[in-house]
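The values are calculated or read from the model by the stated rules, or taken from the named source; none is laboratory data. What you see is a predicted model, and the numbers here were worked out from it, not measured in a lab. Quick reminder, even Gly has a Cβ in these numbers, built from the backbone with ideal geometry, and neighbours come from all protein chains shown.
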Amino acid sequence: MSAQRILIVNLTRFGDLLQTSPAVATLRVHHPGATVTLLAERNFADVCDDIPGIDRVVRVDLDRLGGLMLRGGPALLDGYRSVEALLGELRAAHYDLALNFSSSRMTAVFMGLLGIDNVRGWSMTSDGFRVIHHPWARLFATMCLNRRVAVFNLVDYYRSMAGGGGGVQPLRYTVAPAAATAVAELLAAEAVGADTPLVGLQLGASREIRQWPAAAFAALGRELVAGGRRVVLVGGRGDRALAAAVAAEVGDGVVDTCGQTGIAELGALLQRLDVLVSGDTGPMHMAVAVGTPVVGLFFGPASPFDTGPYAPDDVLLHANAPCAPCDHNVTCLQPFCRTEIAPQTVAAVVAARLAENWPALARIARATSSARLYRTAFDHAGFYRCDVLGEVAPRPEDELRRAYRATWLTLLSGVALPAPLPSTIDVAPFAVLAHLAREGETVATRLRGVALTAAPIDEIARLGRELDVLDRTLLEHGGAHPDTAVLTQMFKFGKENLEGDDVATLADETRALYHELARGADCMAALLGDAGIKGDTHHARLHQ
């Protein structure tokens with residue numbers, strides 16, 4: 001059924017807002033004529049004004065709200081009134097579909113208070129429990145806890161929650177003519193001609209652990225200038241001191257634009273570049289949205305698989321570190337991964353990418369031991385992927401990532417399961433998981449049957465306890481065998497989202513969760529070599 005009034009909630013940073021643009025385009029395909037409203041944090045909401053397909057942007061001032069909460073006393077009442085006014089404004093719009101792309105408990109409470117019938121993503125029940133509606137949202141939450149084997153880009157989760165399909169949907173941002181004129185004047189003042197090859201260096205990042213060192217940027221700048229390129233330093237007001245230090249080290253051939261561009265002008269500036277070198281930042285996604293190639297530097301918590309540039313033919317360098325990617329909440333005492341990517345290697349990658357010399361990039365990849373190189377692409381179904389450059393032996397996490405990607409495409413999108421590839425992964429834990437899941441499916445089926453009859457309450461309680469024991473066993477299995485943890489976590493989120501009103505309904509929904517878990521374990525065993533479950537019966541189960 002086509003929705004008429006759609007609300008998107010994304011109270012995150014401006015890179016995430018740009019990554020919402022393909023979901024907006026997808027909604028337009030599935031709900032033609034609908035009015036689309038985006039609720040965004042005030043500090044980053046301006047970028048939404050130039051994302052095609054958004055009819056209205058509602059800004060929420062989280063800084064002010066947080067300040068009111070911290071002051072306490074009468075300010076708490078002001079904070080309450082502010083939230084109530086926002087809720088009233090949104091309730092009055094009578095949205096018939098809402099997508100919450102923010103996974104915080106705060107936005108879950110907010111969605112519960114709005115009372116919209118059709119919610120996809122994070123929400124809250126009337127008795128205060130957080131729920132995650134839609135299987136792709138649950139998979140997103142699951143993979144956030146298993147980033148070592150991240151399988152899909154953030155954009156693909158958003159798009160799939162919006163309805164999916166339609167092939168590749170690129171990031172979208174419209175550069176305003178006034179912004180383009182302002183940037184042309186800025187570059188002209190620096191004596192940059194229209195034909196001058198420009199390489200941008202995005203210096204800053206949201207956290208120090210995500211930022212390449214200033215000395216590395218300076219060394220890269222010198223290499224680029226020596227190779228005949230003009231270097232443009234990109235960043236905000238907070239990056240001015242960093243930019244001044246880098247510019248002083250590089251010398252002539254540098255244009256420092258840090259702090260001189262608003263969001264609209266940033267888009268115009270990035271559009272003028274021939275390539276942008278950046279960590280996992282908002283400007284990296286902005287460059288993608290305006291069609292500028294990216295050389296991405298990934299280390300710390302950044303992973304090219306889940307937040308890489310959503311475009312084909314970008315080149316990503318991922319620092320080799322046994323702990324990569326680290327958890328977003330970890331404070332690393334020795335972030336050595338930031339210095340693993342050598343400036344000379346990046347300079348060579350930039351030169352080869354500018355020339356679109358993919359054989360040269362493969363040679364660089366083979367010669368680089370401190371980082372892996374990837375080329376971004378899209379598969380036949382329009383999902384983003386990272387393809388390793390050079391002849392690099394797969395790691396166990398690569399094998400798991402490939403298998404999990406194919407498994408979820410089969411379970412959630414109906415894509416045919418591919419043939420297995422050689423693997424070093426032990427599939428026996430997946431066989432055990434499939435067996436436990438089918439036990440649960442059997443018990444849940446019996447529970448539904450007795451719930452529909454006049455069976456004694458003791459029998460219903462006994463079967464419920466049997467399921468509780470199975471659930472604990474399943475989750476303990478996922479903890480003891482981390483390769484299976486994606487499946488068991490997805491199952492756990494599913495159980496937490498059961499909302500039936502009676503025992504028979506809950507038992508039927510539980511049976512379906514066990515069935516999906518068994519199918520997932522079967523798929524993984526088949527893709528990783530089928531060593532744990534044999535026979536035609538197993539292969540038939542993959543399609544049940």
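What residue, among those in region 410-427 that are of a type in the set (Ser, Thr, Tyr) and modelled with pLDDT under 95, is surrounded by the fewest Cβ atoms within 10 Å (Cβ to Cβ)? Spell out how you get there, then give the answer.
Keep residues of region 410-427 that are of a type in the set (Ser, Thr, Tyr), which gives 410, 413, 423-424.
Then drop every residue that is not modelled with pLDDT under 95, which leaves 413, 423-424.
Numbers: Ser413: 13, Ser423: 19, Thr424: 10.
This residue is Thr424.
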Discussion item. Any residue at all in region 181-188 that's on the phi < 0 side of the Ramachandran plot and touching a strand residue (DSSP E or B) at 6+ places or on another chain (Cβ under 8 Å)?
Written reply: yes
Worksheet item: Mind checking which residues of region 53-104 are touching a helix residue (DSSP H, G or I) at 6+ places or on another chain (Cβ under 7 Å), at pLDDT 90 or above and part of a loop (DSSP other than H, G, I, E, B)?
Response: Gly53, Ile54, Phe101
Item to complete: For region 150-174, enumerate the residues that are in contact with a Phe, Trp or Tyr (Cβ under 6 Å, 6 or more places away or on another chain) and assigned to a loop (DSSP other than H, G, I, E, B).
Response: Ala150, Val151, Asn153, Val168, Leu171
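Please enumerate the residues belonging to region 175-188 that are β-branched (Val, Ile, Thr) and part of a loop (DSSP other than H, G, I, E, B). Please lay out each step first, then the result.
Quick first cut of region 175-188, residues β-branched (Val, Ile, Thr) only: 175, 181, 183.
Residue satisfying the conditions is Val175 alone.
Collect the residues in region 90-105 that are surrounded by 12 or more Cβ atoms within 10 Å (Cβ to Cβ) and under 25 Å from Leu18 (Cβ atoms), keeping them in residue-number order.
Taking region 90-105 as the starting set, the residues that turn out to be surrounded by 12 or more Cβ atoms within 10 Å (Cβ to Cβ) are 90-91, 93, 95-104.
Scanning region 90-105 gives Leu90, Ala93, Tyr95, Leu97, Ala98, Leu99, Asn100, Phe101, Ser102, Ser103, Ser104.
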Worksheet item: Are any residues in region 53-63 surrounded by 13 or more Cβ atoms within 10 Å (Cβ to Cβ) and either of a type in the set (Lys, Arg) or more than 26 Å from Tyr95 (Cβ to Cβ) (or both), and if so, which ones?
Response: Arg59
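Can you find a residue in region 443-460 that is among the acidic types (Asp, Glu), at pLDDT 95 or above, surrounded by fewer than 19 Cβ atoms within 10 Å (Cβ to Cβ) and assigned to a helix (DSSP H, G or I)?
From region 443-460, those among the acidic types (Asp, Glu) are 458-459; that's our starting set.
Checking which are at pLDDT 95 or above leaves us with none.
No, region 443-460 has no match at all.
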Worksheet item: What number goes with the only condition from (1) in a strand (DSSP E or B); (2) buried (at least 19 other Cβ atoms within 10 Å of the Cβ) that Ala434 does not pass?
Response: (1)
Worksheet item: Which pairs do you get when a residue that is assigned to a loop (DSSP other than H, G, I, E, B) and hydrophobic (A, V, I, L, M, F, W, C), found in region 489-508, comes within reach of a residue that is surrounded by fewer than 14 Cβ atoms within 10 Å (Cβ to Cβ) and modelled with pLDDT under 95, reach meaning Cβ atoms under 6 angstrom, with the pair 6+ apart or on two chains?
Response: none
Discussion item. Restricting to region 282-316, count the residues that are under 13 Å from the mean Cα position of the chain (by Cα) and not in a helix (DSSP H, G or I).
Written reply: 6
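Give me a count of the residues in region 466-488 that are of a type outside the set (Ser, Thr, Tyr) and either touching a residue at least 60 places away in the same chain (Cβ under 8 Å) or more than 22 Å from Ala403 (Cβ to Cβ) (or both). Break it down into steps so the answer makes sense when it comes.
First, pick out the residues of region 466-488 that are of a type outside the set (Ser, Thr, Tyr): 466-472, 474-483, 485-487.
Okay, now just the ones that are also either touching a residue at least 60 places away in the same chain (Cβ under 8 Å) or more than 22 Å from Ala403 (Cβ to Cβ) (or both), so 466-472, 476, 483, 485-486.
Here the count works out to 11.
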Discussion item. Residues to consider are Phe383, Phe430; find the one that is modelled with pLDDT of 95 or more, of a type in the set (A, V, I, L, M, F, W, C) and more than 30 Å from Asp508 (Cα to Cα).
Written reply: Phe383
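Quick grid of which residues meet (1) modelled with pLDDT under 95; (2) surrounded by fewer than 20 Cβ atoms within 10 Å (Cβ to Cβ); (3) over 33 Å from the mean Cα position of the chain (by Cα):
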{"site": "Thr473", "(1), (2), (3)": "no, yes, no"}
{"site": "Phe491", "(1), (2), (3)": "no, no, no"}
{"site": "Leu498", "(1), (2), (3)": "yes, yes, no"}
{"site": "Thr510", "(1), (2), (3)": "no, no, no"}
{"site": "His515", "(1), (2), (3)": "no, yes, no"}
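Can we say Ala348 is surrounded by fewer than 24 Cβ atoms within 10 Å (Cβ to Cβ) and over 23 Å from Leu270 (Cα atoms)?
Details: surrounded by fewer than 24 Cβ atoms within 10 Å (Cβ to Cβ): yes; over 23 Å from Leu270 (Cα atoms): no.
Spelling it out, it is not the case that Ala348 is surrounded by fewer than 24 Cβ atoms within 10 Å (Cβ to Cβ) and over 23 Å from Leu270 (Cα atoms).
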